[in-house]
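The values are calculated or read from the model by the stated rules, or taken from the named source; none is laboratory data. Keep in mind the model is a prediction, meaning the values are calculated, not measured. Cβ placement follows ideal geometry from the backbone for every residue including glycine, while neighbour counts extend to all protein chains displayed. Please note that ligands, DNA and RNA were not included when accessible areas were found on the heavy atoms of the full protein model with its side chains. Shrake-Rupley method; radii C 1.70, N 1.55, O 1.52, S 1.80 Å.
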Amino acid sequence: MLAQEHAQTALDYLEKADQYFAEGDLLQASEKLWGAAAHAVLSVATERGWRDASHRALTEAAESLAEEVNNPLIASNFSTARLYHRNFYHGFMEPEEWLTDRPKIHYFVARVLALRGDAGQNGQPGDAI
């Protein structure tokens, strides 16, 4: 998959996550939030030629991005995304967590996609960041 395809998938998954959340399907919303975050990182990792073949590699990429732009929220919010991935399998998250943590994934995806080399060109994700 190309970097731009990962970026578009991240945005599509965010939209689907919001739809599932509105419908009350929190397990599917969880997996789409994780997928959105993972594909955002994959977009940048693919573009930069970074390792991306495991959860650990994605975590390392998110940590590298956080250091690169001196924004620890990037690494922290990727950890939150991983929580949603686990929630898909175990359904343990409380309603309060959804209210506080879901916006973190939206922020994460927007911020990471804004770090792409072509962000801001031709209406690419991240224009408003």
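Restricting the search to segment 49-72, which residues are part of a loop (DSSP other than H, G, I, E, B) and modelled with pLDDT of 90 or more?
If the condition is that a residue be part of a loop (DSSP other than H, G, I, E, B) and modelled with pLDDT of 90 or more, then VAL69, ASN70, ASN71 are the ones that fit.
What do you reckon, is ILE105 part of a loop (DSSP other than H, G, I, E, B), out of contact with any Gly (no Cβ under 8 Å at 6 or more places or on another chain) and either within 20 Å of THR9 (Cα to Cα) or modelled with pLDDT under 95 (or both)?
no
Return the residues of segment 26-77 that are among the polar types (S, T, N, Q), farther than 19 Å from GLU5 by Cβ and open to solvent by less than 40 Å² (accessible area, probe 1.4 Å); say none if nothing qualifies.
Passing the criteria: SER30, THR59, ASN71, ASN77.
Give segment 105-120 a look and list any residue that's touching a Ser or Thr at 6+ places or on another chain (Cβ under 7 Å) and either over 19 Å from GLU68 (Cβ atoms) or of a type in the set (Val, Ile, Thr) (or both), or say none.
ILE105
How many residues does segment 1-17 hold that are modelled with pLDDT of 95 or more, open to solvent by less than 40 Å² (accessible area, probe 1.4 Å) and over 9 Å from the mean Cα position of the chain (by Cα)?
4
Hey, among the residues in segment 80-96 that are touching a residue at least 12 places away in the same chain (Cβ under 8 Å) and in a helix (DSSP H, G or I), which one's surrounded by the most Cβ atoms within 10 Å (Cβ to Cβ)?
Among residues in segment 80-96 that are touching a residue at least 12 places away in the same chain (Cβ under 8 Å) and in a helix (DSSP H, G or I), the one surrounded by the most Cβ atoms within 10 Å (Cβ to Cβ) is TYR84.
Collect the residues in segment 18-72 that are of a type in the set (Phe, Trp, Tyr) and within 13 Å of the chain's Cα centre (by Cα), keeping them in residue-number order.
TRP34
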